[in-house]
Each structure stands twice: as structure tokens, then as C-alpha cells.
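This report concerns only the one structure given below.
The values are calculated or read from the model by the stated rules, or taken from the named source; none is laboratory data. All of these numbers come straight from a predicted model, not from anything done at the bench. We place every Cβ from the backbone using ideal geometry, glycine too, and count neighbours over all the protein chains shown.
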Amino acid sequence: NAGVMQNPRHLVRRRGQEARLRCSPMKGHSHVYWYRQLPEEGLKFMVYLQKENIIDESGMPKERFSAEFPKEGPSILRIQQVVRGDSAAYFCASSLNPTDTQYFGPGTRLTVL
Amino acid sequence: AQSVAQPEDQVNVAEGNPLTVKCTYSVSGNPYLFWYVQYPNRGLQFLLKYITGDNLVKGSYGFEAEFNKSQTSFHLKKPSALVSDSALYFCAVRGSPGSGNTGKLIFGQGTTLQVKP
């Protein structure tokens, strides 16, 4: 049973470009969470999605960031017009149900030049 | 507001000695508490969790944690540390279902554990 998959593992973008981060949850999991880890900091919650629905986006920046989890395919975290402050590790986690353990992917390390 | 505190940035222990990594929390309702470990340039690995029941929870790799409701603490422990336990450890909390709790985890800042041979 494959774990949570994220790609790409490393992503380099220039300021103003778009970044698209993908997350495939564990088999059978329909709940996906995105977290961001800034350098020298802990993980901060961004958004929680369940197939085709955004359940909680209280941690998402108001502008430039969006997330989706379509009926088919991976969850996507999209960052438009990236800035240097977006450089971070972005982790996806999935769970079987909202009260179950969240299992994390290896992360995508975004570097904005 | 929900929060987690890990008061020590780094814990140093000698191999074979017991280790404790501290965590205190603040959450509405009954807490769901978790410990994760992160190795360099890797994702988080689940170690153990407390939902309800016995206050002493046993997890992966010989780790255990003790839930103390009166002190709002959930310290991670291991009787005998290994050099390979050296990593970054995160405590996390979520509120019990309802009361506006959607399942998101609130993480502490992390504690680096250094085990010396």
C-alpha cells in the first residue's frame, strides 16, 4: 500500500511564475490536508479538502493561493505569482476520516529565485 | 485558541540513557494528541497518538508518551535512546470533533533530539 505521494519533490520558480504542487493520498483516503513549513519553523495548517470540497481554508493566504481535490486525480495546491517569501516545504497529509491519523507525504520543497 | 508548546529547541542525551521531549497544549474540548518525527529532508512519520483511554500510550520504535490532563502535557519518552533516534520531533494537537474543530493539526515548533554515542 503506497503512502502519500507528492510531486515534484523539488521545484524552482522565478518571482512571478506559478507553482503547482500535487498530492496523491493513500489508497482509500478521501481527506487531504496541506501544511507549510517555513525555514526554522514548525508546520502551519493551510487547507483541508475532501473530494471536490474545501472543508477548512482558514490557513490559506487570501491572495495567490488556491487548492482543489477533484473527483479524479490528485489534490493540487496552486500558488500564482510566487514571491521569495513563498519558499518553503509544502507537505500534504491524508486520512481515512476526519478523526483518524494523518499520514504525511515527503513534501515539495519550493525555492523562489 | 488552540496551541502547542515545545519548550526545548534541542535535547541532548547519551546513547542508552532515557530521553524525554516535552509538550504542553491548549485546546477546546478533549484533545487528540500526536507525536511525529522528521528526518532531514523527509516528511513526517507518525509515532503515536492519544485519543482516549490509558494515559500511557505506546508507539513505534520503542517510544511512548504520557497524557497528563491536569498539567495539559503529553511528553514523549523512551527508556534507552539510540543514535538513530536523532531527528526533529513534533507534537501536534487537534480538538475533538465538533465545537468548530475540522481535523486540522496544530503543531509545536519542534524539538531537535541529538543522541551522542
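None of A:Lys44, A:Lys27 is of a type outside the set (Val, Ile, Thr), at the interface with chain B (Cβ under 9 Å from one of its Cβ atoms), more than 10 Å from the chain's Cα centre (by Cα) and not in a helix (DSSP H, G or I) except A:Lys44.
When the residues of region B:87-117 are filtered to those that are more than 16 Å from the chain's Cα centre (by Cα), modelled with pLDDT under 95 and in a strand (DSSP E or B), the one that is farthest from A:Tyr103 (Cα to Cα) is B:Gly98.
The residue that is surrounded by the most Cβ atoms within 10 Å (Cβ to Cβ), among those in region A:101-113 that are within 9 Å of chain B (Cβ to nearest Cβ) and part of a loop (DSSP other than H, G, I, E, B), is A:Gln102. The single condition among (1) hydroxyl-bearing (Ser, Thr, Tyr); (2) modelled with pLDDT of 95 or more; (3) part of a loop (DSSP other than H, G, I, E, B); (4) farther than 15 Å from B:Val11 by Cα that B:Thr52 does not meet is (2). Scanning region A:81-99 for residues being in contact with a strand residue (DSSP E or B) (Cβ under 8 Å, 6 or more places away or on another chain) and in a loop (DSSP other than H, G, I, E, B) gives a total of 7. There is at least one residue in region A:29-43 that is loosely packed, with under 15 Cβ neighbours inside 10 Å, free of Cβ contacts under 8 Å to residues at least 40 places away in the same chain and either touching a helix residue (DSSP H, G or I) at 6+ places or on another chain (Cβ under 9 Å) or on the phi > 0 side of the Ramachandran plot (or both).
Results for (1) surrounded by 18 or more Cβ atoms within 10 Å (Cβ to Cβ); (2) within 14 Å of chain A (Cβ to nearest Cβ); (3) over 12 Å from the mean Cα position of the chain (by Cα); (4) farther than 13 Å from B:Ala92 by Cβ, shown as yes or no for each residue.
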residue	(1), (2), (3), (4)
B:Val4	yes, yes, no, no
B:Val11	yes, no, yes, yes
B:Pro18	no, no, yes, yes
B:Ser28	no, no, yes, yes
B:Gln38	yes, yes, no, no
B:Gln45	no, yes, no, no
B:Glu64	no, no, no, yes
B:Gln71	no, no, yes, yes
